[in-house]
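What follows is a short report on a single structure.
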Amino acid sequence: MGLDAISAELTAQNPSPEMALILRKQRRIEKLGVYSLSIAGIIGLTLLLTVAVYYKLAILGPEVLFGSAIGTLILFLLASILLLGYSKFLIKAGRSNISPDELERIPTNKLLNDPPFEPASVTEHSTELLRRK
């Protein structure tokens, strides 16, 4: 049995002030590592795209490159407008399924005041004890 793993888990759940400071520093350093890895990936992707643009410019000329950039800009603007509009449409459609009268009839305090239900017996061989709605 690994008691060291249990001790480390308990320390992470309720750390002393010194250990809490160390754990915050560790999380911050891990986040910085993820950010630096992301930036390295972006730089690599940019280098790859730069090579592609360079050869496209050398083969087809600057007019085609500028025209394709404008076309791509328009395409992504249209896609963003459609996607943002669709997300708002989904929110409106989800809200329209529930009428205001139904919202008033939904009890909000039921979960807090009701006692916990009694679970079905594992040894019981029938489902007669299960409640039906």
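Tabulated data
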read-out: Leu73 being in a helix (DSSP H, G or I) and open to solvent by 80 Å² or more (accessible area, probe 1.4 Å); value: yes
read-out: Filter pass, Leu47 being modelled with pLDDT of 90 or more and either open to solvent by 90 Å² or more (accessible area, probe 1.4 Å) or basic (Lys, Arg) (or both); value: yes
read-out: Pairs where the first residue, in region 59-77, is modelled with pLDDT under 85 and the second is among the aliphatic types (A, V, I, L, M) and not in a loop (DSSP other than H, G, I, E, B), C-beta under 6 Å, 6+ apart; value: Leu65/Leu57
read-out: Single match in Lys92, Lys56 (criterion: basic (Lys, Arg), surrounded by 10 or more Cβ atoms within 10 Å (Cβ to Cβ) and at pLDDT below 85); value: Lys56
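The values are calculated or read from the model by the stated rules, or taken from the named source; none is laboratory data. Bear in mind that the values here come from a model prediction, so they are computed numbers and not experimental data. Don't worry about glycine lacking a Cβ; one is built from the backbone with ideal geometry, like all the others, and counts go over all protein chains shown. Surface accessibility is based on the protein's heavy atoms, side chains included, excluding ligands, DNA and RNA. Shrake-Rupley method; radii C 1.70, N 1.55, O 1.52, S 1.80 Å.
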